[in-house]
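Worksheet for the structure shown next.
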Amino acid sequence: MTTPADPAQKPARPTAPPSDSPSRVDNAVPGERYEFFKVIQGYLDRAASVIQMPEYVRAILSQPKNELIVNFPVRMDDGSVRLFKGYRIQHSNILGPYKGGMRFHESASLDDFKALAAMMTWKCSLMNLPYGGGKGGIKFNPRDVSRNELQRITRRFFHSLGSNIGPDYDIPAPDMGTNAQTMAWAMDTYMNTVGMVNKQAATGVVTGKPIASGGTYGREKATGQGVVHCITEWAERERVDLEGKRLMVQGFGNVGSHTAVLLSKLGVSLVAVGDHSGYLYNAEGFNAHRLQEYVQAKGSIAGYPNGKPISREEFFAADADIFVPAALENQIGEEEATALKARLVAEGANGPCNPAGEEVLAKRGIHVLPDVLANAGGVTVSYYEWVQNKRSEQWTLEEVDERLETAMKGAYERVEHFARKHRCDTRLACYGVALERLVKVYAEREIFP
């Protein structure tokens, strides 16, 4: 049983029975674990029933197509050799190449990556992207190693994956604990080992790269931008004026910080924020842009002078209108959902609400914008980057932003239509829309041989 190092990412009480898959637990009673993959399976089964999905398709999608585990040695700065465990889960490629992030985190597990890879399949299908789902990473804390060690770990991991990834087969991207620099190392490693025949075509092996190395404008803020598009769509449909509304954000990394900065331009004030170092509150509102710069320089919100330190419990009970959980999964259980005062929960992270917590939110009339829709902006702009790499083009920021806005609003409308038609909640509608596309493809292609 492991305890997460990040107080801002302390899990809610698990609601599923124990399993053999290791997962992060903290304030759970002894013997309980949160089975993230089983939760995702539950959503799949519910949506499959709504759309009357053929049993054989449900069975195929219930498990990943490939589960890769690699153990590789890395020489550390002090001369010692350390063995690392890496994963790449390839869930489905019926719609196109596997697509999904690489996560470097000390609590990474096979169960989590299976759940996250499946979610990528649903996201790509929902957004009408020609991708399937994948996810992977390494079980370690990247903050505990030097920059040189991090580079060697990254390169050795991608070298170990070899031809199991590729620009037309499996395309990784940044995730928790990784960034554009990580992807630059990954691309260079691939190009100098597996992709030696056509190096230029190999630039599309990963997305989320630096601009100069084949990345796209708008990718860094893409996930947060997608969250904001969903919030503005919700506000328009609910006739809510965002000007003057108060925001709380859990996890102030790439997604959380960009969401806060973008919402600040719409008049939304960030009053409560948390990350791996703790929680801060400012009734007058933080300057989101300055806080983002501080975190980029210092690595966390710890020590930021314009906020009052508060507990995790005080954070969830903060007086705010919108809550964006952008940390780890299983953060909002019954206690957290009961304490929340927000009218809207927009999931910037994957799986931040556990089923029991979501049930409480529903009973209290608190709206939830599910992760499958709300944080799909990242993979959508990753697709734009991949297309640009294939065409040897460079789109402007304005073009990327316009395409993303159209894509997010289109997906939101499809989800809303499904929810009205089937009289179901938004999360079930997201899964339903995604699965309908997958069912159609299986019906057209059938099973080989």
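Results, tabulated for the structure shown:
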| quantity | calculated |
| --- | --- |
| Answer residue from segment 64-83, given it is without any contact (Cβ under 8 Å) to a residue 24 or more places away in the chain and not small (Gly, Ala, Ser) and is farthest from SER160 (Cα to Cα) among those | ASP78 |
| Tally, over segment 142-165, of residues that are farther than 20 Å from ASP77 by Cα and touching a residue at least 60 places away in the same chain (Cβ under 8 Å) | 4 |
| Subset tally (residues that are touching a strand residue (DSSP E or B) at 6+ places or on another chain (Cβ under 7 Å) and on the phi > 0 side of the Ramachandran plot) for segment 238-277 | 1 |
| Which listed residue is farther than 17 Å from ASN71 by Cβ and surrounded by 24 or more Cβ atoms within 10 Å (Cβ to Cβ), from ASP170, ASP111 | ASP170 |
| Unique match (being on the phi < 0 side of the Ramachandran plot and in a helix (DSSP H, G or I)) among GLN90, GLN151 | GLN151 |
| Pairs with Cβ under 7 Å, 6+ apart, first in segment 201-213 and touching a residue at least 24 places away in the same chain (Cβ under 8 Å), second part of a helix (DSSP H, G or I) and of a type in the set (Phe, Trp, Tyr) | ALA202/TYR190; GLY204/TRP386; VAL205/TYR190; THR207/TRP386 |
| Selection from segment 366-406 of residues that are over 28 Å from TYR431 (Cβ atoms) and among the aromatic types (Phe, Trp, Tyr) | TRP395 |
| First in segment 423-449 and farther than 11 Å from ILE94 by Cβ, second anywhere and buried (at least 19 other Cβ atoms within 10 Å of the Cβ) and among the polar types (S, T, N, Q), Cβ under 9 Å, 6 or more apart | VAL433/SER125; ALA434/THR121; ALA434/SER125; LEU435/SER125; GLU436/SER125 |
| Residue count for segment 135-148, restricted to those that are assigned to a strand (DSSP E or B) and of a type outside the set (Val, Ile, Thr) | 4 |
| Residues located in segment 388-418, provided they are farther than 11 Å from GLY377 by Cα and acidic (Asp, Glu) | GLU393, GLU398, GLU399, GLU402, GLU413, GLU416 |
| Yes/no for LEU95 being within 27 Å of LEU150 (Cα to Cα), assigned by TED's automatic domain parsing to the domain that holds PHE140 and either assigned to a strand (DSSP E or B) or modelled with pLDDT of 95 or more (or both) | no |
| Among the candidates ARG143, ARG147, ARG82, residue that is at pLDDT below 95 and either over 22 Å from THR182 (Cβ atoms) or surrounded by fewer than 18 Cβ atoms within 10 Å (Cβ to Cβ) (or both) | ARG143 |
| Unique residue being in contact with a strand residue (DSSP E or B) (Cβ under 7 Å, 6 or more places away or on another chain) and of a type outside the set (Asp, Glu) when the list is PHE37, PHE113 | PHE113 |
| Positions within segment 100-119 being part of a strand (DSSP E or B) and under 23 Å from ASP45 (Cα atoms), in sequence order | GLY100 |
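The values are calculated or read from the model by the stated rules, or taken from the named source; none is laboratory data. Nothing here was measured: the structure is a model prediction, and the numbers come from that model. Positions of Cβ are backbone-derived with ideal geometry, glycine not excepted, and every protein chain shown enters the neighbour counts.
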